[in-house]
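The values are calculated or read from the model by the stated rules, or taken from the named source; none is laboratory data. None of the values given here were measured: they were computed from a predicted structure. Please note: Cβ atoms are built from the backbone with ideal geometry, for glycine as well, and neighbour counts cover all protein chains shown. When the accessible area is computed, the model is the full protein with side chains, heavy atoms only, and any ligands, DNA or RNA have been set aside. Shrake-Rupley method; radii C 1.70, N 1.55, O 1.52, S 1.80 Å.
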2 protein chains.
Amino acid sequence: LKKKKYSNKKDKMPVFRVKDMDIATGDVRIAILNKKDAQILDLFHLDRLYIKKNNKKTTAILDIAESEKAVPPGSIGLFEETLAAINAKHNDKVEISLAPKPKGLEYIRNKIKGKKLNHNEITTIIKDITKKRLTDVELTSFVIANYIREMSLKEVISTTKAMSATGTILKFKKHPVVDKHCIGGIPGNRTSLIIVPILVAAGASFPKTSSRAITSPAGTADTMEALCPVKLTIPKLKKTIADVGGFIVWGGAMNLAPADDAIIKVENAINITSEGNMIASIMAKKISVSPDYLLIDIPIGKETKIADKETAVKLKRKISRIGKYFGIKVKTMISDGSQPIGRGIGPVLEAKDCLMILKNNPNAPEDLKQKSLKMAGMLLEFCGKAKKGKGKKTAERLLKTGAAYGAMVRIIEAQGGKEITPEQLPKAPLTKKIKAEKTGTIESISNQAIAKIARLAGAPKTKTAGIELLKHKKDKVKKGETLIIIHAKSKDKLQYTLKAFKETNPIKIK
Amino acid sequence: LKKKKYSNKKDKMPVFRVKDMDIATGDVRIAILNKKDAQILDLFHLDRLYIKKNNKKTTAILDIAESEKAVPPGSIGLFEETLAAINAKHNDKVEISLAPKPKGLEYIRNKIKGKKLNHNEITTIIKDITKKRLTDVELTSFVIANYIREMSLKEVISTTKAMSATGTILKFKKHPVVDKHCIGGIPGNRTSLIIVPILVAAGASFPKTSSRAITSPAGTADTMEALCPVKLTIPKLKKTIADVGGFIVWGGAMNLAPADDAIIKVENAINITSEGNMIASIMAKKISVSPDYLLIDIPIGKETKIADKETAVKLKRKISRIGKYFGIKVKTMISDGSQPIGRGIGPVLEAKDCLMILKNNPNAPEDLKQKSLKMAGMLLEFCGKAKKGKGKKTAERLLKTGAAYGAMVRIIEAQGGKEITPEQLPKAPLTKKIKAEKTGTIESISNQAIAKIARLAGAPKTKTAGIELLKHKKDKVKKGETLIIIHAKSKDKLQYTLKAFKETNPIKIK
């Protein structure tokens, strides 16, 4: 082999003509070659290609077109993300070459084979996920391996660090800084909007970052957004804590843990939850606000993430150990997750419940009020703002005197909103009562079906849409009595909702 | 709820206008909705949709378009396979509704969670894979779970049965019926074309179904196709065994184990091999020809599927037990897989090696000849066509007397080919010698790099393309002496090949 002849940089790279595929994945970068070209270049489905136009270069994942109609030989089909990355247009010429696979793949394979991963390896994988460098097959392999092989405490810590490294870490001057988190799955369970103002009224700092709904009818961020803006800049967040002691905002604005979203997407598709990933996901977000004290609510029930007490207790222990590592004191409580909590389900309807509780309205939903008071009490004792055994009493007093409501108004105003009464909240244009078909006792209410129905009514996208749930488990009902009121934006949505109610029969009467 | 009102079949289903996406996946059926429509209908990425046009209905997997350019609200983007399934065209109107997930998904989840699967559950999953009902995420979950949780003998048996159930089972009258299989990865290792005629010459029935190359430069079917047709009908296969005692054909024509291909695709992407899936894949194919005796060659080496002896011995034991269950006597041998075998790599070049061995040409590659004689000897003893300890001698005699060559000619003619001498075989238009850059001893030859180079030269698609490997491990070479000769179809291909040789440096001299 005459070395010189082949080692110069002018090695001809294959050149292809761009076909704009007019598709955006919003995700991975894709390039498509015709089967014949792939064969010639010995390229396979899921290989990575460098695609080069002038001095712009990107990596894309290769898909193979069987038909000449989709991508004819000599052409390369590019998705929008790939086109944008190299500033290419239809009919441009691009050069391609084989790119190495992301480094994290080797570590994923090691995890599959049962090796524990070290900090650098996990950081590499999380970075590959964050940068959207992995295919569905590769990402799924990692998620399933983490689920089956389980993650060691060290691995969970590394994942937490790697995830939180992509975001901002806030530190506040006024201590104690407290925080709470609920391991979701319960519609209407909007305790944060009660607990935060109670703790703030007691003098604690409460920087509450929260999520928007993914598969649920409302996240805490969606509900708070019914009252005021929830996308605040970092300086504004700091000022809000300094001025009023607390905020309830959307964590997404802080760019926390994007790898987390990709992992959860796969977990949702298979309907599994890896304990390690879940803890890392929670803790990465919590670390970002540097709390001294953290209360975690673990509702158990067959339709929540945690099915039984044994799993909850195991989880509790691990979360406490991870918290300790990061210098956060963690308390966990196990609660009943067998049915929705409160009356409203959907952003505005839930916000209404919370305002009614904060305003001591006698018609406020008692279950949500009691759960919130219990949790606020625990946090008050935990962070030293109430004596042992006096937490709930203190919480009740802060609520009854209007101190909590006052704190909530200050938070709303600090975030850019205005005080509003429950009655002034906007309403959905259409409502429809669904009535009991027989007399009896309510035996069960399905969290998942209720969530689905509220979503079909338009929540969380339509803030006023959702459900009012007028009955709970063990309540007696008479035939013809109203069970739920659906709030919808349009007739179409109302129809989908009614159809889903009929199909899922979420409220069982015996 | 007034039941009658909502239970009639005229429930309005959402109607969308078709956008022909002009893409074929050759695989799963895809439909794309704009993000806004998905939100309204509460549909998610990877949900299944029924898509209905008039009385034609199909199921597709949902993808979400972020941009309005790709799929505007009110439209549904359909891939070619989906369009064809319901006979729809651009701008047609279709109705959609949510379809249930395939049943196998629940069992995949059980496998992930550590449950052993029963026969029905495995059959359901294999059927879902065969019918292309699973997404990449779901199929990958199954593959990784099988790899990590491992498959019990019962599970391997069920998988074997489920995979073979999709194909034809052939039974032959003339016993003994013998078969062989090699657990691949070694370029040039084309022993079947020697072993089959030797055993046929000895009076055994040898129905050899084999594969085409997927990631290698030639499968046995590709090599045999250099000599005669390999796609035979079932009646023709039966007649060939009755008339001449053996055949060497492409198994793909018998529609054996399509689920297997899908699983291997995922395993290749992650570069793992599940032992259970591998055994099921081999045995499903073997069962289809009902052999009495089966010899399995397990080459070990760091670039083959089996890295070490311990793994090989474990595998050997399992294969024997599975064989026993299906009434097949199985012998396994462990061989050296550390370098390519024979001279030619690529269909025609390998066929040439085999013909030279069968014709007792003194220039035939000795390593391939010796390995084939050893294996033929083992099979002869195993099936009672040679006395204990006399197998290799018998094989040598059948080769030397020309009996094996005669059998090969009869097989080639029965399959529709004509006798051909090695010299008459077609040649690639271009050849290029690659010479040693220094004097020394060959320390190692990379199977994977050699395979890659032969593929880039055009094998297996271009039958005459590939490599002649003139040196093997431990051979002494002088600077300037030819190491390999590349046979290529075009200058472009020659260039890619030379570039890859330079980059991978597959032959190390010390």
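With respect to (1) over 29 Å from A:A284 (Cβ atoms); (2) of a type in the set (G, A, S); (3) buried (at least 24 other Cβ atoms within 10 Å of the Cβ), the lone exception for A:A386 is condition (3).
One line per residue, one yes/no per condition, for (1) at pLDDT 95 or above; (2) within 26 Å of the chain's Cα centre (by Cα); (3) assigned to a helix (DSSP H, G or I):
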position: A:I341; (1), (2), (3): yes, yes, no
position: A:V348; (1), (2), (3): yes, yes, yes
position: A:M356; (1), (2), (3): yes, no, yes
position: A:N361; (1), (2), (3): yes, no, no
position: A:A364; (1), (2), (3): yes, no, no
position: A:K369; (1), (2), (3): yes, yes, yes
position: A:A376; (1), (2), (3): yes, yes, yes
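In the stretch A:439-455, of all residues being within 25 Å of A:A218 (Cβ to Cβ) and open to solvent by 60 Å² or more (accessible area, probe 1.4 Å), the one that is farthest from the other protein chains (Cβ to nearest Cβ) corresponds to A:Q448. Just one of the listed residues (B:I263, B:I306) is within 14 Å of chain A (Cβ to nearest Cβ) and not charged (D, E, K, R), and it is B:I263.
Give the residue that is surrounded by the most Cβ atoms within 10 Å (Cβ to Cβ), with candidates limited to residues of the stretch A:303-319 that are in a loop (DSSP other than H, G, I, E, B) and out of contact with any helix residue (DSSP H, G or I) (no Cβ under 9 Å at 6 or more places or on another chain). So the residue we want is A:A307. Condition test on B:D297, is it among the acidic types (D, E), assigned to a strand (DSSP E or B), open to solvent by less than 20 Å² (accessible area, probe 1.4 Å) and closer than 25 Å to B:F206 by Cα? Answer is yes for this residue. Restricting the stretch B:114-149 to residues that are modelled with pLDDT under 95 and not in a helix (DSSP H, G or I) leaves a set whose member that is surrounded by the most Cβ atoms within 10 Å (Cβ to Cβ) is B:T135. Here A:K93 passes the criteria (1) within 14 Å of chain B (Cβ to nearest Cβ); (2) more than 25 Å from B:E80 (Cα to Cα); (3) open to solvent by 50 Å² or more (accessible area, probe 1.4 Å) except the one numbered (1).
Let's see how each residue does on (1) buried (at least 20 other Cβ atoms within 10 Å of the Cβ); (2) assigned to a helix (DSSP H, G or I):
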| site | (1), (2) |
| --- | --- |
| A:E155 | yes, yes |
| A:A162 | yes, yes |
| A:T168 | no, no |
| A:K174 | no, no |
| A:V178 | yes, no |
| A:I198 | yes, yes |
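Name the residue, out of B:I420, B:I411, that is in contact with a strand residue (DSSP E or B) (Cβ under 6 Å, 6 or more places away or on another chain) and either under 28 Å from B:V244 (Cβ atoms) or crowded, with 18+ Cβ neighbours inside 10 Å (or both). It is B:I411.
Taking the listed residues A:R29, A:R109, the one that is more than 13 Å from every other protein chain (Cβ to nearest Cβ), under 30 Å from the mean Cα position of the chain (by Cα) and closer than 30 Å to A:G276 by Cα is A:R29, with no other qualifying.
Among the residues of the stretch B:252-285, those that are of a type in the set (G, A, S), buried (at least 22 other Cβ atoms within 10 Å of the Cβ) and under 21 Å from B:L232 (Cα atoms) comprise B:A257, B:A284. The set of residues in the stretch B:41-61 that are within 11 Å of chain A (Cβ to nearest Cβ), buried (at least 22 other Cβ atoms within 10 Å of the Cβ) and aliphatic (A, V, I, L, M) contains only B:I61.
Condition (residue is farther than 30 Å from A:N447 by Cβ and touching a Pro at 6+ places or on another chain (Cβ under 6 Å)) applied to the stretch A:177-185: is it met by at least one residue? Yes: the stretch A:177-185 contains one or more residues that are farther than 30 Å from A:N447 by Cβ and touching a Pro at 6+ places or on another chain (Cβ under 6 Å). Of all the residues in the stretch B:67-90, those that are part of a loop (DSSP other than H, G, I, E, B), more than 12 Å from chain A (Cβ to nearest Cβ) and in contact (Cβ under 8 Å) with a residue 40 or more places away in the chain number 4.
Tell me yes or no: at least one residue of the stretch B:428-438 is within 14 Å of chain A (Cβ to nearest Cβ), touching a helix residue (DSSP H, G or I) at 6+ places or on another chain (Cβ under 7 Å), open to solvent by less than 20 Å² (accessible area, probe 1.4 Å) and assigned to a helix (DSSP H, G or I). No: zero hits.
Yes or no, residue by residue, for (1) of a type in the set (V, I, T); (2) within 24 Å of B:G167 (Cα to Cα):
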| residue | (1), (2) |
| --- | --- |
| B:L105 | no, yes |
| B:I108 | yes, yes |
| B:K116 | no, no |
| B:H119 | no, yes |
| B:I129 | yes, yes |
| B:K132 | no, yes |
| B:N146 | no, yes |
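Residues that are touching a residue at least 40 places away in the same chain (Cβ under 8 Å) and within 29 Å of B:G458 (Cβ to Cβ) were ranked within the stretch A:24-40; the one that is most open to solvent (accessible area, probe 1.4 Å) is A:I30.
Based on what the data block shows, is A:I509 of a type in the set (A, V, I, L, M) and farther than 28 Å from B:P100 by Cβ? So A:I509 does not fit the description; no.
Residue count for the stretch A:62-75 satisfying the condition of being within 36 Å of the chain's Cα centre (by Cα) and open to solvent by less than 10 Å² (accessible area, probe 1.4 Å): 2. Residues in the stretch B:8-23 that are buried (at least 18 other Cβ atoms within 10 Å of the Cβ) and among the hydrophobic types (A, V, I, L, M, F, W, C) were compared, and the one that is modelled with the lowest pLDDT is B:I23.
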